[in-house]
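Engineer: If you scroll down you'll find the structure; I have some questions about it.
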Amino acid sequence: MEPYIYQPLENPDQDIRLLELIPGDFDAPLEIRIVHAPLIAKPPPTPPGRLPLGSIQRTVPSGYLAYETLEGRVFFYDEKSHETSWNHPDDAVMPASYCPMEPRSTATVYFEALSYVWGDNTAKTELRVSSEDEELRSLCVGQNLAMALLYLRAKNYKRTLWIDAICINQSDHAEKRKQVSRMAELYALAPKTILWLGAEADDSALALGTMEAFGKLWMISLQEELLHIRPGHDWGEVNRELEKMLLPKCRRALDAVAQRPYFQRLWIRQEVGLSRHRAVVQCGRYVLSWPDLQAGVRILNYKTDDSLADSLLQDLSQTMMEVTPISELLYNTRHCKCYDPRDRIYAILGLLPDSVRSQIPPDYTLSTVEVYRLAFLADNRLLNYCDLKSRRLDGPSWVADLSSEPSMLLPIAVYSATADIPSPRYQVDSHILRVSGVMYTQVETVSRGRLPLKHSADAQFQLLHLFRSFFETLETATDVNGPSLDAILINVLTQGYYSIDQIGGSERHDPRVAQWRKALKHMLEGIKGDMESFCGREEVHAPDGFLRYLCSHSGGLALIQTRNKLIGIGSPGAEPGDQVCLVFGYELPLLLRPQENGTFKVVGTAYIHGLGDGEALLGELPHPWRALTIIQHRSSRRIFHNLETSDSTRLDPRLPPLKEPWRRMMFDKVPSPFPDPSTGEIVTIPYYYFEHQQTGEISGLHTALQSDDFIRSRGVEVRDFDLV
């Protein structure tokens, strides 16, 4: 047969190719037909009388909340009994006002999009392509795709599919660039998406059946991504299913599914996130809905603590159709795989805001460094991803090498070393990036080892050796009246997630931390003794949960001490003499390495105890104020809490009064994590913006933070850094 020749799309801005899979027996040769069709969005119908969710919430009595499932079905949650119902708690409300509604647009033409792993494309399978002249042509595809087509082919009817390897002319770079830029739109509009895991193996049907049973007991609310038991079910059913899941054969099957190559593929994050409730998971002939699998994995992770919790399947279960900053997406997908390093950016474009996506159009004629540079210009927080030690690409040190897997700190900061002073005042000139900030201190000591990357038996001894080598000669500046070294160490190892106040009251906040402190105390007390007997003592071993947390969140990082005796955790490439700099707009201190010509290379980032609340710029917080971070729905909000009055505010108490003629204006309130001490009732935290009373200018910044003047008036030297 002659090879198939692609016909150009008549309207590349609108048209796509679709594949018609000709019916046949499972073992028959595969035959397809390729057609062109316009991809046009069809808005979802709105049932008469259907109210928006916010309006529905206003109709429910006190003590109830209205939520929506991924599929657009409204349910009602009783805050007292924790029960859910499809029926409105007020019988007088008409069911038409909260009836199910398709939440998203679909394409006007029906097709099923395929999400799969390309796999090894050196071994090919030949497809027959029927053409308009009724002659058969040949088209070669990878074996994994051919296997998927065999299972997807129906015996008595054709199926219409969109598959990237076939529906995009891979040899036409101009078309590929255009079609790749439309993939987000395609998966968002696809009436159905098939997530192909591969053929059945290792009791995969048992694993997926277990997940499906779990999933049908649970649902995920679209607004807050919370798990809720479905109406008509209870915890007794959940526990019975959990007992089945804990059987060894079932656990092995679940682990085997979680380790499949599909879940390691980077592109599926976008494909699943955009398809959402329209996606189904298929493994061999077993098919279940993605929402069922998603709920099953999340409740399994919540109820157990094992290898499945560390898998990429668990990470994928958190993927929702929610616009996410590129810096956070890159962190969440750092373990995923892709063939082309430029796809580190291109594969997640569909999950980014339009304003960011428009700045990084897919273009495979650009070099990898050029693509990463465009990503930085779209989101300058990517400076936090720089890791000089793991860097393999040529180019400026301030353009993060995303093709490597850098050891880095968490992207959702629970601290602000620069006291929320606004976004970087940077300028790019050729290969130089100029930023502003403060050179605070320098690195004096760096641990010889690194924190363990993988949760294993060796991780225990790696951690013990690290502590011994670092702390046996370390000078610390802990105050007699200040926190103990073990408390500081937990604060550092969790990158500020546990504040000193929380660690001190760990029995109230998180009982796990009390166990962590006890083990760390024994470690610190025994580091100067005999190493063999030291490692053999059970009491010095870190609890399993702590090791798992450490490897997952801080693995690969180094312990450091600064010249002024502060302890921190940072980039594994840190060296004595590196400068600890506070660059405006970044929550984390940057480690910069001075060059002979007065410029600096970016080594990486650091979390340093004693610099998390802007102390270097604004001084210590006055008693009895504490800085806290509320983490909710994947975002962090910095607040200041008065320990004596229990008042909370977004305004830093160290800032001076507003300059005239500015005034503060409240625009929102959020629930405080601290109830009123006298009544126990939930109180709210006001959020403010600032308005110039003469010009009407609006700013989200306090007047003291709108320039360097206030910082300079405190005797802090502000300077520029030229990064190369």
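Engineer: I'd like the full set of residues that are in a helix (DSSP H, G or I) and in contact with a strand residue (DSSP E or B) (Cβ under 9 Å, 6 or more places away or on another chain), limited to segment 200-251.
Structural biologist: SER204, ALA205, ALA207, LEU208, GLY209, MET211, GLU212, GLY215, TRP235, GLU237, VAL238, listed by residue number.
Engineer: Which of the residues that make up segment 375-390 are of a type outside the set (Asp, Glu), open to solvent by less than 50 Å² (accessible area, probe 1.4 Å) and within 22 Å of the chain's Cα centre (by Cα)?
Structural biologist: Those that are of a type outside the set (Asp, Glu), open to solvent by less than 50 Å² (accessible area, probe 1.4 Å) and within 22 Å of the chain's Cα centre (by Cα): ALA375, PHE376, ALA378, ASN380, LEU382, LEU383, ASN384, TYR385, CYS386, SER390.
Engineer: Pull up segment 601-628, narrow it to residues that are open to solvent by 10 Å² or more (accessible area, probe 1.4 Å) and part of a strand (DSSP E or B), then point me to the one that is nearest to LEU451 (Cα to Cα).
Structural biologist: So the residue we want is TYR607.
Engineer: Here's another thing I want to ask about it. Filter segment 73-82 down to residues that are in contact with a Phe, Trp or Tyr (Cβ under 8 Å, 6 or more places away or on another chain) and either among the hydroxyl-bearing types (Ser, Thr, Tyr) or open to solvent by 20 Å² or more (accessible area, probe 1.4 Å) (or both), then give me how many there are.
Structural biologist: Going through segment 73-82 one residue at a time, the tally reaches 4.
Engineer: Further, regarding this structure: For GLU175, which of the numbered conditions (1) open to solvent by less than 20 Å² (accessible area, probe 1.4 Å); (2) part of a helix (DSSP H, G or I) fails to hold?
Structural biologist: (1)
Engineer: Being modelled with pLDDT of 90 or more and closer than 27 Å to ILE608 by Cβ narrows it down to one residue among ARG373, ARG391; which is it?
Structural biologist: Result: ARG391 is the single residue among ARG373, ARG391 that is modelled with pLDDT of 90 or more and closer than 27 Å to ILE608 by Cβ.
Engineer: Something else now. How many residues are touching a residue at least 12 places away in the same chain (Cβ under 8 Å) and either among the aromatic types (Phe, Trp, Tyr) or farther than 18 Å from SER327 by Cα (or both) if we restrict to segment 571-602?
Structural biologist: Summing the residues that are touching a residue at least 12 places away in the same chain (Cβ under 8 Å) and either among the aromatic types (Phe, Trp, Tyr) or farther than 18 Å from SER327 by Cα (or both) in segment 571-602 gives 22.
Engineer: Related question: What residue, of LYS192, LYS244, LYS216, is more than 21 Å from VAL281 (Cα to Cα), open to solvent by 30 Å² or more (accessible area, probe 1.4 Å) and not assigned by the TED database to the domain that holds TYR77?
Structural biologist: LYS244
Engineer: Let me ask another. So which residues in segment 86-107 are closer than 18 Å to PRO231 by Cβ, in contact with a strand residue (DSSP E or B) (Cβ under 8 Å, 6 or more places away or on another chain) and open to solvent by 40 Å² or more (accessible area, probe 1.4 Å)?
Structural biologist: Within segment 86-107, TRP86, ASN87, PRO89, PRO100 qualify.
Engineer: If you don't mind, another one. Looking at segment 693-706, can you tell me whether even one residue there is surrounded by 11 or more Cβ atoms within 10 Å (Cβ to Cβ) and over 34 Å from the mean Cα position of the chain (by Cα)?
Structural biologist: The answer is no, given that none of the residues of segment 693-706 is surrounded by 11 or more Cβ atoms within 10 Å (Cβ to Cβ) and over 34 Å from the mean Cα position of the chain (by Cα).
Engineer: Now, a different point. Does at least one position in segment 551-574 carry a residue that is of a type in the set (Ser, Thr, Tyr), under 15 Å from LEU451 (Cα atoms), open to solvent by less than 10 Å² (accessible area, probe 1.4 Å) and within 21 Å of the chain's Cα centre (by Cα)?
Structural biologist: Yes.
Engineer: Do any residues in segment 108-136 that are open to solvent by 40 Å² or more (accessible area, probe 1.4 Å) have Cβ atoms under 7 Å from those of residues that are of a type in the set (D, E, K, R) and assigned to a strand (DSSP E or B), where the two are at least six apart or on different chains, and which pairs are they?
Structural biologist: Listed pairs, sorted by first residue: THR108/LYS42; ARG128/GLU31; LEU136/ARG128.
Engineer: Let me ask something additional. Looking only at segment 424-464, count how many residues are in contact with a helix residue (DSSP H, G or I) (Cβ under 9 Å, 6 or more places away or on another chain), over 20 Å from GLY577 (Cβ atoms) and open to solvent by 80 Å² or more (accessible area, probe 1.4 Å).
Structural biologist: Counting residues in segment 424-464 that are in contact with a helix residue (DSSP H, G or I) (Cβ under 9 Å, 6 or more places away or on another chain), over 20 Å from GLY577 (Cβ atoms) and open to solvent by 80 Å² or more (accessible area, probe 1.4 Å) gives 3.
Engineer: Here's a follow-up. Quick one: which residue in LEU208, LEU227 is crowded, with 19+ Cβ neighbours inside 10 Å and within 27 Å of the chain's Cα centre (by Cα)?
Structural biologist: LEU208
Engineer: A further question follows. Would you point out the residue of segment 247-287, among those that are in contact with an Asp or Glu (Cβ under 7 Å, 6 or more places away or on another chain) and open to solvent by less than 20 Å² (accessible area, probe 1.4 Å), that is nearest to GLU328 (Cα to Cα)?
Structural biologist: Here the residue is LEU266.
Engineer: From the set of residues in segment 230-241 that are surrounded by fewer than 14 Cβ atoms within 10 Å (Cβ to Cβ) and of a type in the set (D, E, K, R), which is modelled with the highest pLDDT?
Structural biologist: Per the stated criteria, the residue is ASP234.
Engineer: Could you list, in sequence order, the residues of segment 106-162 that are within 23 Å of TYR262 (Cα to Cα), assigned to a loop (DSSP other than H, G, I, E, B) and not acidic (Asp, Glu)?
Structural biologist: Of everything in segment 106-162, those that are within 23 Å of TYR262 (Cα to Cα), assigned to a loop (DSSP other than H, G, I, E, B) and not acidic (Asp, Glu) turn out to be PHE111, TYR116, VAL117, TRP118, GLY119, ASN121, THR122, ALA123, ARG153.
The values are calculated or read from the model by the stated rules, or taken from the named source; none is laboratory data. These figures come from a predicted structure and were not determined experimentally. Reconstructed Cβ throughout: ideal geometry from the backbone, glycine too, with neighbour counts over all protein chains shown. Protein only, heavy atoms only, side chains kept; ligands, DNA and RNA dropped before computing areas. Shrake-Rupley method; radii C 1.70, N 1.55, O 1.52, S 1.80 Å.
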